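Engineer: One structure, as C-alpha cells, below. Some questions next.
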Amino acid sequence: MTYASKVLDLARQVAESQAGPVGEAAALLVAAIRAGGVVNAFGSGHSEAIAMEIAGRAGGLVPSNRLTPRDLVLYGGKPPSVLTSELERDPAVAQEIYDLAPVAPEDVFVLVSSSGVNGTVVELARIVKDRGHPLIAITSVEHSTRMTSRHPSGRKLLDLADVVLDNGAPYGDAVLELPGGGSYGAVSTITSALLAQMVVTEAVDELVALGETPPIYLSANVAGGDEHNKALESRYAGRIRRGS
C-alpha cells in the first residue's frame, strides 16, 4: 500500500493547493464555450493520456479536440516513420500540428507536459499565445524548474501559460526509492488527470449556474448514448474531430 498511500496523499495536496488555479482555468473554458469556442488539448508521450481525459470522453465536453504529433500522419499525410521518440523535442513540427487542427479564434488550449521543456510543446505554446488564445498548462513545477529548456528560446511551458496547474510530481516523476539508487512508481499521470477532470467539472458547474445546458458526452455504452452524442456533435460540425 506504500505507493497507493503516497499517491492518495499527493492527490489531496494537489486538489487543495491547485483549487485557485483550477477555478481560473475553468473560467477560461466557460468563456470559450459560451463564445462558441472549442477546448484543444495537446499532450505527447504519456501526457497524451491527459489530453484524452479532456477531449471526447464520457462525462466530458463535446466541444473538444485532442491534438497529438500523430496528427502529422493522420491529417498531414506524413509517413508513419516520422513518429519517433525524438519527435516531441522538435519545435519545427508545432506549427504544422496547429495548422492541421480546426482552430478558431475563440478556442482555448490545454497543453500537458510534466517536464514542460520539450521543443514541440513549448513552440506550440508560443504559437497559441501569438494567435491570442488563452493557454492552460498542466505540468510539474518542481520538475520543470530543475530542467533546462530544449526550446531555442530557453523558455518553458510554464513561462507561457495564462494559468499553470501544478501536478505536484517530483523531479523524475517516481515516488518510491530503490535500494541501490533510482526510483519507481510514477505519479504525474494520476495527478494530471485529476487536475484535468477538476477543471472540466468546475467549468460544467459554472455553466449550470449560468442557466445553460452544458454540452456533455454520455457514454456510448448506455442506452441512447450514440444518439445524444451525435446530436451534440452536429452543433460543432467542422469544429471538432474524432480521429484515432
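The values are calculated or read from the model by the stated rules, or taken from the named source; none is laboratory data. Please read these numbers as outputs of a predicted model, since none were measured by experiment. All Cβ positions, even for glycine, are placed from backbone atoms using ideal geometry, and neighbour counts span all protein chains on display. Only protein heavy atoms, including side chains, enter the accessible area calculation; ligands, DNA and RNA are left aside. Shrake-Rupley method; radii C 1.70, N 1.55, O 1.52, S 1.80 Å.
Engineer: For the condition among the basic types (Lys, Arg), open to solvent by 10 Å² or more (accessible area, probe 1.4 Å), under 15 Å from residue 124 (Cβ atoms) and at pLDDT 95 or above, what is the one hit in 70, 34, 66? Reasoning before the result, please.
Structural biologist: Working: 70 fails: at pLDDT 95 or above; 34 fails: under 15 Å from residue 124 (Cβ atoms).
Exactly one residue qualifies, and that residue is 66.
Engineer: Sticking with this one: When you scan region 92-108, do you find a residue that is open to solvent by 10 Å² or more (accessible area, probe 1.4 Å), assigned to a helix (DSSP H, G or I) and more than 29 Å from residue 35 (Cβ to Cβ), even just one?
Structural biologist: Yes: region 92-108 contains one or more residues that are open to solvent by 10 Å² or more (accessible area, probe 1.4 Å), assigned to a helix (DSSP H, G or I) and more than 29 Å from residue 35 (Cβ to Cβ).
Engineer: Can you name the number of the only condition in (1) open to solvent by less than 40 Å² (accessible area, probe 1.4 Å); (2) within 25 Å of residue 215 (Cβ to Cβ); (3) modelled with pLDDT under 95 that residue 75 fails?
Structural biologist: So residue 75 meets the others, but not (1).
Engineer: Just to check your reading of the model, which residue among 168, 154, 185 is open to solvent by less than 70 Å² (accessible area, probe 1.4 Å), touching a residue at least 40 places away in the same chain (Cβ under 8 Å) and assigned to a loop (DSSP other than H, G, I, E, B)?
Structural biologist: On the way: 154 fails: touching a residue at least 40 places away in the same chain (Cβ under 8 Å); 185 fails: assigned to a loop (DSSP other than H, G, I, E, B).
None of the others qualify; the one that does is 168.
Engineer: Acidic (Asp, Glu) and under 19 Å from residue 195 (Cα atoms) - does that describe any residue in region 36-51?
Structural biologist: Quick first cut of region 36-51, residues acidic (Asp, Glu) only: 48.
With the extra rule that they be under 19 Å from residue 195 (Cα atoms), the set shrinks to 48.
Within region 36-51, one or more residues are acidic (Asp, Glu) and under 19 Å from residue 195 (Cα atoms).
Engineer: Follow-up. Take the residues in region 207-222 that are assigned to a loop (DSSP other than H, G, I, E, B), open to solvent by less than 80 Å² (accessible area, probe 1.4 Å) and in contact (Cβ under 8 Å) with a residue 24 or more places away in the chain; name whichever of them is farthest from residue 54 (Cα to Cα).
Structural biologist: First pass over region 207-222, keeping only residues assigned to a loop (DSSP other than H, G, I, E, B): 210-215, 217-222.
This time we only want the ones that are open to solvent by less than 80 Å² (accessible area, probe 1.4 Å), so: 211-212, 214-215, 217-220, 222.
Still in the list and also in contact (Cβ under 8 Å) with a residue 24 or more places away in the chain: 212, 214-215, 217-220.
Numbers: 212: 20, 214: 15, 215: 13, 217: 11, 218: 14, 219: 14, 220: 16 Å.
Checking each candidate, the answer is 212.
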